[in-house]
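Read the figures in this text as sums done on the coordinates, not as results from a lab. The structure presented is a predicted model; accordingly, all values stated were derived computationally and were not measured. So basically every Cβ, Gly included, is an ideal-geometry build from the backbone, and we count neighbours across all protein chains shown.
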């Protein structure tokens, strides 16, 4: 069940980024960001109403994490705005990899902050994916230069 949920979550991230970018192109980046947050707030309230008290299990105690939670909205607005600007300019494949890599490394950072653990396998896998993405981007750039010349 968790694998299916992870796959659905990953798919919705790509779909929402693409939809946000299309809305940003049509209505403007800032309107798209606002719309993204209004819809997210609506679904968050629905999930909170269903889950109720169990939601407390997801909080991270500690002064740093409590302070970081207040900046989550600001960071989210900046990232959604940047993604609305960048998404139309890159293929969906690269967008998916960028989002995956950023989530992987942010998860590792949060694990390290919270548990003081750093997984060698996750770091190695993330670096290999990043290296493959960089290599593929360079190949695409060389092919684009050949086509232009």
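By average Cβ neighbour count within 10 Å, what is the ranking of 137-146, 87-96 from highest down? Write down the numbers at each step before the final one.
Numbers: 137-146: 10.2, 87-96: 14.0.
Put in order of decreasing packing, that is 87-96, 137-146.
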- Task: Quickly rank 119-125, 22-28 as a protection proxy: mean count of other C-beta atoms within 10 Å, highest first.
- Result: 22-28, 119-125
- Query: How far, in degrees from 0 to 90, does helix 120-148 lean away from the longest principal axis of the Cα atoms of the chain, to the nearest 10?
  - Reply: 30 degrees
- Query: Got a sec? How would 113, 50 order by Cβ neighbour count within 10 Å, fewest to most?
  - Reply: 50, 113
- Query: Per residue, how much space in cubic angstrom lies within the convex hull of the C-alpha atoms of the chain?
  - Reply: 145 Å³
- Treat region 90-149 as a sphere of radius equal to its Kirkwood radius over Cα pairs and apply Stokes-Einstein at 25 °C in a medium of 0.890 mPa s; give the translational diffusion coefficient in µm²/s, rounded to a whole number. 188 µm²/s
